[in-house]
1. Quick check on the stretch 92-105: of everything there that is within 11 Å of the ligand (Cβ to nearest atom) and touching a residue at least 12 places away in the same chain (Cβ under 8 Å), which residue is surrounded by the fewest Cβ atoms within 10 Å (Cβ to Cβ)?
2. Just give me the residues in the stretch 46-90 being within 19 Å of Ala13 (Cα to Cα), away from the ligand (no atom under 15 Å from the Cβ) and either part of a loop (DSSP other than H, G, I, E, B) or assigned by TED's automatic domain parsing to the domain that holds Leu171 (or both), in sequence order.
3. Of all residues in the stretch 43-91, count the ones that are open to solvent by less than 10 Å² (accessible area, probe 1.4 Å) and under 17 Å from the mean Cα position of the chain (by Cα).
4. Output the number of the condition that Arg43 fails; it satisfies all remaining conditions of (1) free of Cβ contacts under 8 Å to residues at least 12 places away in the same chain; (2) farther than 27 Å from Ser200 by Cα; (3) more than 9 Å from the ligand (Cβ to nearest atom).
5. Would you mind stating whether Asp127 is open to solvent by 30 Å² or more (accessible area, probe 1.4 Å) and more than 20 Å from the chain's Cα centre (by Cα)?
6. Could you list, in sequence order, all residues of the stretch 9-33 that are assigned to a loop (DSSP other than H, G, I, E, B) and open to solvent by 30 Å² or more (accessible area, probe 1.4 Å)?
7. I want to confirm something. Restricting to the stretch 107-162 and keeping residues that are within 16 Å of the ligand (Cβ to nearest atom) and among the aromatic types (Phe, Trp, Tyr), which single residue is nearest to Leu185 (Cα to Cα)?
8. Determine, yes or no, whether Tyr6 is within 24 Å of Arg79 (Cα to Cα), surrounded by 16 or more Cβ atoms within 10 Å (Cβ to Cβ) and among the hydroxyl-bearing types (Ser, Thr, Tyr).
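The values are calculated or read from the model by the stated rules, or taken from the named source; none is laboratory data. This one's a predicted model, so the numbers in the text were calculated from it and none came from an experiment. Don't worry about glycine lacking a Cβ; one is built from the backbone with ideal geometry, like all the others, and counts go over all protein chains shown. Side chains included, ligands, DNA and RNA excluded: accessible areas come from the protein's heavy atoms. Shrake-Rupley method; radii C 1.70, N 1.55, O 1.52, S 1.80 Å.
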Amino acid sequence: MSFRLYTYWRSSAAYRVRIALGLKGLAYESVPRHLLRDGGEQRRPDYLALNPQGFVPALEHDGTVITQSLAICEYLEERFPAPPLLPSVATERAAVRAMALAVACDIHPLNNLRVLQYLKADLGQDDAGVVRWAQHWISRGFDALEELIARHSRDGRHCFGDVVTLADVFLVPQVTNARRVQLDLAPWPRIVAITAHLESLPAFMAARPDAQPDAE
Ligand SMILES: N[C@@H](CCC(=O)N[C@@H](CS)C(=O)NCC(=O)O)C(=O)O
């Protein structure tokens, strides 16, 4: 059994998959794709053959390529169910997915590299305008997540209940992105407390951007 992860150290979507692989105890080979060098290695034909969307991550498992971080995490969950990253009750699974999707569908896409590049290069925004955009959309998403956590966290250390779920796997990389745009996290104390706990866990530590082989 072999896993190859097409990744970039600063990619928060790849960070999610690195965390999930670590939590499942699955070893993998990192295959970095530099998102900025030479116009972006994710846009080269050899990579587009793997992922026509031109995004990292992509996970190759025994010759099969899977794209989209949530699809990859759900695949890992189905194939390697222990330890579970989704609850056993359907309504609870839906709540965890809703939190993961709040990050994956509603926060992160607005702050993706190609969106920020378009704001700057095509719409004429300066660096300050681009940062304001990113901070704004992360803030609106964190407002909602903070409330969802208030409803679903049992111990103040996890987004849902009292064990690590996909909601946690998706939260931490988004917080890293928030720090990159110097967003003050004080308005979201639950998110801050949960992130502090999760970042102390080995699988989260090993997946950190600065722990990656391609980190600059
Ligand atoms: N929905 C995708 C998003 C993937 C994504 O946005 N990846 C970013 C890095 S975090 C990327 O490859 N960006 C390259 C680009 O914008 O050209 C997923 O969850 O896998």
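1. Leu101
2. Answer for the stretch 46-90, where residues must be within 19 Å of Ala13 (Cα to Cα), away from the ligand (no atom under 15 Å from the Cβ) and either part of a loop (DSSP other than H, G, I, E, B) or assigned by TED's automatic domain parsing to the domain that holds Leu171 (or both): Leu85, Leu86.
3. The total comes to 9.
4. So Arg43 meets the others, but not (3).
5. Yes: the conditions hold for Asp127.
6. Answer for the stretch 9-33, where residues must be assigned to a loop (DSSP other than H, G, I, E, B) and open to solvent by 30 Å² or more (accessible area, probe 1.4 Å): Arg10, Gly25, Ala27, Tyr28, Arg33.
7. Trp137
8. So Tyr6 fits the description; yes.
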